[in-house]
Amino acid sequence: MSPLYESLQSVSERVKHTADAEAQQSIVNELADIEKLWLSTDSKLSEQLQQLESTSRLWDEVENGMASILEQLKKTRTLLMQPLSDKYDELERELRHCQVRNVDSIYVYQLADTCLISVI
């Protein structure tokens, strides 16, 4: 319990001994009500403290995750900024060559179809 609550109990005990029976009962009842409220408030504060600690841990986890993602993004950017390898350039040239041959083949087939149509 807090020093303030303990002080309140101490003062009420002294006042209770000097009061008449009706006042004593009133003091006992009010002290019981104050104790219930105090314990309820203390319990709620403990729950909120646990929630805040949990939120703080979660926040730390998220920050660590963000730092990890940022590091991965930096590595990816570094890789993307590097010049393409010669092998890639060579593959790209072959692909273009194949595409040109494919276009030529299509043209030859179309030409052959046209010739066949005009013969028929």
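The values are calculated or read from the model by the stated rules, or taken from the named source; none is laboratory data. All values derive from a computational prediction rather than experimental measurement. Heads up, the Cβs are rebuilt from the backbone with ideal geometry, glycines too, and the neighbour counts pull from every protein chain shown.
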Could you check region 15-31 and list, in sequence order, the residues that are loosely packed, with under 10 Cβ neighbours inside 10 Å and part of a helix (DSSP H, G or I)?
HIS17, THR18, ALA21, GLU22
Subset of region 6-59, residues charged (D, E, K, R) and in contact with a Ser or Thr (Cβ under 9 Å, 6 or more places away or on another chain), comes to GLU30, ASP42
Test: residue in region 48-59 that is modelled with pLDDT under 90, assigned to a helix (DSSP H, G or I) and not polar (S, T, N, Q):
no
Within region 2-14, the count of residues that are surrounded by 12 or more Cβ atoms within 10 Å (Cβ to Cβ) and either within 48 Å of the chain's Cα centre (by Cα) or more than 27 Å from SER43 (Cα to Cα) (or both) comes to 3
